[in-house]
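What follows is calculated from the coordinates using simple rules that are stated; it is not laboratory data. This one's a predicted model, so the numbers in the text were calculated from it and none came from an experiment. FYI the Cβ positions are ideal-geometry reconstructions off the backbone, even for glycines, and counts take in every protein chain you see.
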Amino acid sequence: MLAASLMMVLGLVVDGGRAFAERGKAMAYAEEAARAGAGAVSASELYQGHVALDPAIATSGALAYLRSVGASGSVVVRGNDVIVHAQVSEPTYLLSMVGIRTITQSATATATNISGVTEGS
């Protein structure tokens, strides 16, 4: 009984620490995917002198980044904002002994496409 309790505590420490690290990874992936999407400027709008995102290209760019790092998620484009919700999952080491097989963490980040000078020098 004591050994089982000790393994549970050790599992919480080890896999809990990994869960904390996974949260940081999910946030980094969401931020990078949002930046990737925010760079998808619409060529047709640009030719007319406007800077605007192409929602389809922004979405596919952000999702492609998430896939490239092994994450999943969703993308919403609103005006010049790209909002990405990223999710990552990793197997547990010790908590799998008590039925908790994966650690899943998620994060949401937004990137805004800004063009031109927005403040003084």
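Each residue of region 69-76 in order: what ³J(HN,Hα) in whole Hz does its phi give by Karplus 6.51 cos²θ - 1.76 cosθ + 1.60, θ = phi - 60°, with x for Gly and Pro?
9, x, 9, 10, x, 9, 9, 10
With a 10 Å cut-off between alpha carbons and a GNM built on the chain, which of T108, T59, T92 moves the most?
T92
Just to confirm a number: summing +1 for Lys and Arg and -1 for Asp and Glu over residues other than G61 whose beta-carbon lies under 13 angstrom from that of G61, what do you get?
Values: positive: R35, R67; negative: E32, D54.
The answer is 0.
Per-residue HN-Hα couplings for region 85-94, Karplus 6.51 cos²θ - 1.76 cosθ + 1.60 at θ = phi - 60°, whole Hz, x for Gly and Pro?
After applying 6.51 cos²θ - 1.76 cosθ + 1.60, I find 10, 10, 9, 10, 9, 9, x, 7, 8, 9 Hz.
Does anyone have the angle between helix 55-68 and the longest principal axis of the chain? Alpha-carbon axes, 0 to 90°, nearest 10?
30 degrees
Report relative contact order for the chain in percent, whole number only (criteria: Cα-Cα under 8 Å, sequence separation at least 6).
31 percent.
Could you give each residue of region 22-33 its phi-based ³J(HN,Hα) in whole Hz, using Karplus coefficients 6.51, -1.76, 1.60 with θ = phi - 60°, and x for Gly or Pro?
5, 4, x, 5, 4, 5, 4, 5, 5, 5, 5, 5
Between H50 and T104, how high is the FRET efficiency from 1/(1 + (r/R0)^6) when r is the Cβ-Cβ distance and R₀ = 41 Å? Nearest 0.05. Show your work: numbers first, answer last.
On the way: r = 40 Å, r/R0 = 0.98.
Result of the calculation: an efficiency of 0.55.
Let me see the pair-distance distribution of the chain: every alpha carbon pair, 10 Å bin width, integer percents in order.
Histogram of Cα-Cα distances, whole percents per bin: 15, 32, 23, 16, 9, 5, 1, 0.
With each run of n ≥ 4 DSSP H residues scored as -39500 (n - 2.57), what mean residue ellipticity at 222 nm is computed for the chain after dividing by its residue count and rounding to the nearest 500 deg cm²/dmol? Working shown, then result.
Details: 3 runs with 56 residues, N = 121.
Mean residue ellipticity at 222 nm (helix-derived): -16000 deg cm²/dmol.
Calculate the length of the line joining the C-alpha centroid of region 85-104 to that of region 4-43, in whole Å.
The two parts, judged by their Cα centres, are 12 Å apart.
If packing is taken as the average number of other Cβ atoms within 10 Å across a peptide's residues, how do 95-101, 67-73, 77-83, 45-51 rank, most packed first?
Listed from highest to lowest mean packing, they are 77-83, 67-73, 95-101, 45-51.
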